[in-house]
Amino acid sequence: MATVMVVRLVGRVDWSEVWDALTHLAWWQIPLLLAVLVVRQVLNALPLSLYIPGVSAYRATQNDQVAILMSTIAPPPSDIALRMAMFSSWGVPVAKGLAGTLMNTLTFYIVRFGAPVVGFVLLAATGGKVGLRWADLISVAISVGIFVGLMLVIRSEALARKVGTTAGRAAHRVRKRVDPEAWAAACVQFRIDIAARFRRGFPRSLLALSAMLVVDLTMLLMALRFVGLDSSEVPVVEVAIAYLFAYPFTLFPFSGIGIVDALVLAAVVQAGGAEVEAAAVAGLVVWRVFTIGGPLALGALGLAAWRRTSGAATTSQ
């Protein structure tokens with residue numbers, strides 16, 4: 001899929017030149033990228049520790065990596081089931097764990113779909129053309145909608161019930177099995193479970209996930225520079241703009257692999273010319289190897305560590 005998207009948007013890739021670009025990668029750059037990846041994953045998981053009492057940053061990161069691994073190798077809701085098993089083994093009530101996990105997801109969606117806002121700001125600052133990127137206002141609207149809905153749920157029990165009922169009725173029109181009253185009750189319970197830590201956790205979670213995007217972008221820039229794509233050919237701001245407008249498409253499987261890569265590649269080639277294409281593809285390959293393969297490896301390590309400690313005890317009960 002990645003190759004198809006790249007060919008359609010940019011043109012046929014010269015893979016021999018891509019391989020030549022990959023040979024620029026030095027051995028010492030690999031542990032450096034791994035270190036930055038760990039920071040990225042800790043920041044990505046940090047909201048779990050902010051929303052769920054009794055979950056440290058380490059346990060939040062372990063839980064998140066294991067869930068990423070499980071969602072890759074097994075159909076949903078296997079990842080949620082394993083998350084809850086881990087929380088239970090740490091003495092965290094399932095309701096609190098589930099509410100914190102949902103809150104983590106909603107916060108991430110606000111940041112994910114809100115990323116183009118910064119892209120628009122950078123375009124305005126650099127005098128760049130918006131063009132088709134006006135369509136990203138839809139993404140921004142989704143981010144605002146999630147934020148407003150969340151604020152209404154947290155504000156009061158009556159509003160939480162109203163939001164749940166309204167959403168349930170809308171869902172009932174599509175799927176008759178949906179019970180609007182059950183959705184209303186779930187919203188009220190969610191508010192009860194999360195309200196105590198929301199005021200402190202929500203702004204810090206937004207900050208942590210925004211920092212995660214900065215670190216992820218830094219990894220992309222490092223990967224591009226390590227394979228020989230110089231800042232004089234493609235400035236940092238051009239890569240940042242491409243990344244921020246493409247980021248909402250990480251909603252798709254494997255963080256939008258193919259779609260995000262093609263959009264970033266098209267923007268980089270437009271900024272630097274066709275001669276940077278091979279190095280840009282090589283940099284994207286390195287970035288994807290670490291950002292997709294890395295969390296899976298960390299998840300395997302996290303699962304082994306959990307099973308060796310509290311996991312084995314939980315399964316035997």
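The values are calculated or read from the model by the stated rules, or taken from the named source; none is laboratory data. Being a predicted model, the structure only gives us computed values, none of them experimental. Glycine also receives a Cβ, built like all others from the backbone with ideal geometry; neighbour counts cover every protein chain displayed.
Within the option set 118, 92, 111, being surrounded by 16 or more Cβ atoms within 10 Å (Cβ to Cβ), out of contact with any Pro (no Cβ under 6 Å at 6 or more places or on another chain), among the aliphatic types (A, V, I, L, M) and in a loop (DSSP other than H, G, I, E, B) holds for one residue only, 92. Can you confirm whether residue 132 is buried (at least 17 other Cβ atoms within 10 Å of the Cβ) and either in contact with an Asp or Glu (Cβ under 8 Å, 6 or more places away or on another chain) or of a type outside the set (Gly, Ala, Ser) (or both)? The answer is no for residue 132.
The residues of region 13-35 that are surrounded by fewer than 18 Cβ atoms within 10 Å (Cβ to Cβ) and closer than 30 Å to residue 103 by Cα, listed by number, are 34, 35. Answer yes or no as to whether residue 69 is of a type in the set (A, V, I, L, M, F, W, C) and out of contact with any Pro (no Cβ under 9 Å at 6 or more places or on another chain). So residue 69 does not fit the description; no. Taking the stated definitions as given, is residue 85 modelled with pLDDT under 95 and closer than 30 Å to residue 195 by Cα? The answer is yes for residue 85.
Quickly run through region 99-144 and pick out the residues that are under 20 Å from residue 194 (Cβ atoms) and in contact (Cβ under 8 Å) with a residue 60 or more places away in the chain. Of everything in region 99-144, those that are under 20 Å from residue 194 (Cβ atoms) and in contact (Cβ under 8 Å) with a residue 60 or more places away in the chain turn out to be 99, 100, 102, 103, 104, 107, 108, 110, 111, 112.
When restricted to residues that are closer than 26 Å to residue 196 by Cβ, part of a helix (DSSP H, G or I) and either among the aliphatic types (A, V, I, L, M) or under 16 Å from the mean Cα position of the chain (by Cα) (or both), region 29-61 contains 11.
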